[in-house]
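Here the structure is laid out as structure tokens; the discussion comes afterwards.
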Amino acid sequence: MGITTIASIGAGLAVLGAGLGIGKIGSAAMDAIARQPEAAGKVQTAMIIAAALVEGVALFGVVVALIA
Amino acid sequence: MKKYVWFLLSLCVLLTFAIPVCAQETETQPQDTAKQIEESSEIAQNIAEPTEAAQPEAAKEEKFDVTSLIMGHIKDSHVWHILDYTKEENGQEVEVPVAVPLPVIVFANGHLDFFMSGAFHHGHEAVTKGDNTYILANDKIYLANDKGGLTFQNGEATEAMEFHESLEYLEANAEAEIANEKPLDFSITKNVASMILVSIILLIVFISFAKAYKKNPGRPKGLQAVLEPVFLYVRDDVIYPNLGEKTDKFLPYLMTVFFFILFNNILGLIPFFPGNANVTGNIAVTMVLAIFTFLMINLNGNKDYWHHTFWMPGVPVFVKPILAVVELMGIIVKPVALMIRLFANISAGHIIILSLVSLIFIFQTIAVAPVSVIFVLFMDCLEMLVAFLQAYIFTMLSAVFISLAVAEHKH
């Protein structure tokens, strides 16, 4: 049986935030690469780093949900 | 023709990675979980045809317990469990666990006791050394109460039982709270043994690289050709841009952190014996790494760093105390964030892979198997990326924080 408590709703909200954040990062990266394809490597590196940081924040939420 | 052979071989290896994860059993139940065990051991033996091997058995009496499987993998344990197989014993199918017992080192009442965890027989026996009796329950070691068993907490009341009684009670109520005292536990558990293994690997690999580099500074070969570019990339593109001239002072620490986290992440993804230990997904391990970064930052902080923390120049006087509080919180929160980021990313990855494989057992149809295996393959590739990425992020953020602490400001 899954956890049917507020904790799982909280985890879902955290994932929602992560999805929005990483989506924005991805879209900005796409725009940057489209403008200047030579800089694609640097843009991609920066995108991955920003995505990992945003995911870190989302996982704080998941951890709190797991503890509850 | 040769290309096809390589492709098929690598496909088999990848599928082998994905399937045997489910062959891990956590608690040994010498009763009738035989059907579920047969399924998983069949799959573990069948390398090239995993989907066909997931033959659904006839109606199972017991429900497949996903949570205990996953938690058993994520949590630490005193026994390094490898696999289970069934054998016929007195007409009944008994599940025999194959495991590596690890040393137990406990300190209680002034005695330091040392014995192998095999003496616990997976929790079915209590071990007595001198005055102390130890019981293994829920992967933790407790000191037995006066009756020789466990004391359970029911709300306010405690209920002390004898040994076998308490074992039965625990099997019936898995959620029961145990109120016994715990000794100080310095055992070599699965995570400790895995960390020792990774340390030995790190030492062997990098000392041999250093020697080879001195002897032959030309083009490297073999494993050195793979790891040297990674090393140079981290040094030149992550650490040097942040630390500048002070790179050499902090390079040993930062490189150790990077490769330690990387090797542990990768070993955690391997589903069979020397791998499979969830080291970096254990919050105690990541806490220690974050504490090391915290110490490196603050022990090397120069006068400007502390000045800026407590009495930030360039802001109005009434703001400075507020900023001091905020900066102090920041000093604690930044390593805490490092700790939680690494722990949550790695644990979540393991949980997802185990859940996807467990889908086959929950639905008990062959139709789920191809979907599940492909998903697991994809998630495994993603987890490899996460393994590198988390090591890189931890190192990069540590480098940035250290650079902030040792930066020389020209006022």
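The values are calculated or read from the model by the stated rules, or taken from the named source; none is laboratory data. Note that this is a predicted model, so its numbers are computed, not measured. Don't worry about glycine lacking a Cβ; one is built from the backbone with ideal geometry, like all the others, and counts go over all protein chains shown.
Against the conditions (1) under 30 Å from B:LEU227 (Cβ atoms); (2) of a type outside the set (Phe, Trp, Tyr); (3) out of contact with any helix residue (DSSP H, G or I) (no Cβ under 9 Å at 6 or more places or on another chain), where does B:LEU377 fall short? Just the number, please.
Only one criterion in (1) under 30 Å from B:LEU227 (Cβ atoms); (2) of a type outside the set (Phe, Trp, Tyr); (3) out of contact with any helix residue (DSSP H, G or I) (no Cβ under 9 Å at 6 or more places or on another chain) is unmet by B:LEU377, namely (3).
Just to be sure I understand, how many residues within the range B:119-132 are surrounded by fewer than 18 Cβ atoms within 10 Å (Cβ to Cβ) and within 18 Å of B:ALA179 (Cα to Cα)?
1
Taking the range B:362-382 as the search range and keeping residues that are of a type in the set (Val, Ile, Thr) and not in a helix (DSSP H, G or I), which one is nearest to the other protein chains (Cβ to nearest Cβ)?
Going through the range B:362-382, the residues of a type in the set (Val, Ile, Thr) turn out to be B:362, B:365-366, B:368, B:371, B:373-374, B:376.
The next check asks that each one be not in a helix (DSSP H, G or I); those that pass are B:365-366.
Working: B:THR365: 20, B:ILE366: 24 Å.
Applying the filter and picking the extreme gives B:THR365.
Could you check how many residues of the range A:30-68 are over 14 Å from the mean Cα position of the chain (by Cα) and in contact (Cβ under 8 Å) with a residue 12 or more places away in the chain?
Here is the first cut: in the range A:30-68, the residues over 14 Å from the mean Cα position of the chain (by Cα) are A:30-45, A:63-68.
From the residues that got through so far, the ones that are in contact (Cβ under 8 Å) with a residue 12 or more places away in the chain too are A:43-44, A:64-66, A:68.
Final tally of qualifying residues: 6.
State whether one or more residues within the range B:307-319 are within 24 Å of B:VAL257 (Cβ to Cβ) and away from chain A (no Cβ under 14 Å). Show your work before the answer.
Looking only at the range B:307-319, we keep the residues that are within 24 Å of B:VAL257 (Cβ to Cβ), and these are B:309.
From what is left, the residues that are away from chain A (no Cβ under 14 Å) are B:309.
Yes: the range B:307-319 contains one or more residues that are within 24 Å of B:VAL257 (Cβ to Cβ) and away from chain A (no Cβ under 14 Å).
Condition check ((1) surrounded by fewer than 16 Cβ atoms within 10 Å (Cβ to Cβ); (2) facing chain B (nearest Cβ under 10 Å); (3) assigned to a helix (DSSP H, G or I)) across all residues:
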| position | (1), (2), (3) |
| --- | --- |
| A:ALA28 | yes, no, yes |
| A:THR45 | yes, yes, yes |
| A:ALA51 | no, yes, yes |
| A:GLU55 | no, yes, yes |
| A:VAL63 | no, yes, yes |
| A:LEU66 | no, yes, yes |
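Give A:ALA65, A:ALA29 a once-over and let me know the one that is small (Gly, Ala, Ser) and at pLDDT 90 or above. Talk me through it step by step, then tell me what you get.
Working: A:ALA65 fails: at pLDDT 90 or above.
Result of the check over A:ALA65, A:ALA29: A:ALA29.
Which of the residues spanning the range B:45-83 are under 30 Å from B:PHE186 (Cβ atoms) and modelled with pLDDT under 75? Steps first, answer last, please.
Going residue by residue through the range B:45-83, those that are under 30 Å from B:PHE186 (Cβ atoms) are B:67-83.
Residues satisfying the conditions do not exist here.
Give the residues of the range B:229-277 that are in contact with a Leu (Cβ under 6 Å, 6 or more places away or on another chain) and β-branched (Val, Ile, Thr), sorted by residue number.
Residue satisfying the conditions is B:ILE239 alone.
Those residues that are among the aromatic types (Phe, Trp, Tyr) and surrounded by fewer than 16 Cβ atoms within 10 Å (Cβ to Cβ), I need them from the range B:260-311; list them, please. Even if it seems obvious, please write down each step before you answer.
Step one: of the range B:260-311, the residues among the aromatic types (Phe, Trp, Tyr) are B:260, B:263, B:272-273, B:292, B:294, B:305-306, B:310-311.
B:PHE272, B:PHE273, B:PHE292, B:TRP306, B:PHE310, B:TRP311, listed by residue number.
Counting only residues that are crowded, with 16+ Cβ neighbours inside 10 Å and in contact with a Lys or Arg (Cβ under 7 Å, 6 or more places away or on another chain), which one in the range B:144-193 is nearest to B:GLU125 (Cα to Cα)?
Restricting to residues being crowded, with 16+ Cβ neighbours inside 10 Å and in contact with a Lys or Arg (Cβ under 7 Å, 6 or more places away or on another chain), the top hit is B:MET161.
Mind counting the residues in the range B:94-118 that are more than 25 Å from the chain's Cα centre (by Cα) and buried (at least 16 other Cβ atoms within 10 Å of the Cβ)?
Number satisfying all stated conditions: 4.
Could you grab me the full set of residues in the range B:336-361 that are more than 13 Å from every other protein chain (Cβ to nearest Cβ), buried (at least 22 other Cβ atoms within 10 Å of the Cβ) and either of a type in the set (Lys, Arg) or in contact with a Ser or Thr (Cβ under 7 Å, 6 or more places away or on another chain) (or both)?
B:LEU356, B:VAL357, B:ILE360
Would you confirm, using the coordinates I've provided, whether A:ALA40 is within 14 Å of another protein chain (Cβ to nearest Cβ) and surrounded by 13 or more Cβ atoms within 10 Å (Cβ to Cβ)? It would help to see each step written out before you state the result.
Working: within 14 Å of another protein chain (Cβ to nearest Cβ): no; surrounded by 13 or more Cβ atoms within 10 Å (Cβ to Cβ): yes.
Spelling it out, it is not the case that A:ALA40 is within 14 Å of another protein chain (Cβ to nearest Cβ) and surrounded by 13 or more Cβ atoms within 10 Å (Cβ to Cβ).
So which helices (runs of 4 or more DSSP H) are wholly in the range B:220-308 and hold at least 1 residues that are in contact (Cβ under 8 Å) with a residue 40 or more places away in the chain? First the steps, then the outcome.
Numbers: elements: B:223-233, B:240-243, B:247-269, B:283-299.
Where helices (runs of 4 or more DSSP H) fall fully within the range B:220-308 and carry at least 1 residues being in contact (Cβ under 8 Å) with a residue 40 or more places away in the chain, they are B:240-243, B:247-269, B:283-299.
Run B:PHE343 past the list (1) under 35 Å from the mean Cα position of the chain (by Cα); (2) farther than 23 Å from B:PHE272 by Cα; (3) aromatic (Phe, Trp, Tyr) and report the number of the one that doesn't hold.
The one condition B:PHE343 does not meet is (2).
Among the residues of the range B:335-343, are any at pLDDT below 90 and among the basic types (Lys, Arg)?
No: zero hits.
Given the structure, is B:GLU95 acidic (Asp, Glu) and not in a strand (DSSP E or B)? Steps first, answer last, please.
Numbers: acidic (Asp, Glu): yes; not in a strand (DSSP E or B): no.
Spelling it out, it is not the case that B:GLU95 is acidic (Asp, Glu) and not in a strand (DSSP E or B).
Restrict the check to the range B:383-397 and report whether at least one residue is out of contact with any His (no Cβ under 7 Å at 6 or more places or on another chain), farther than 19 Å from A:ILE49 by Cα and part of a helix (DSSP H, G or I).
Of the range B:383-397, the ones out of contact with any His (no Cβ under 7 Å at 6 or more places or on another chain) are B:383-397.
Right, trim to farther than 19 Å from A:ILE49 by Cα and you get none.
Taking every residue of the range B:383-397 in turn, none turns out to be out of contact with any His (no Cβ under 7 Å at 6 or more places or on another chain), farther than 19 Å from A:ILE49 by Cα and part of a helix (DSSP H, G or I).
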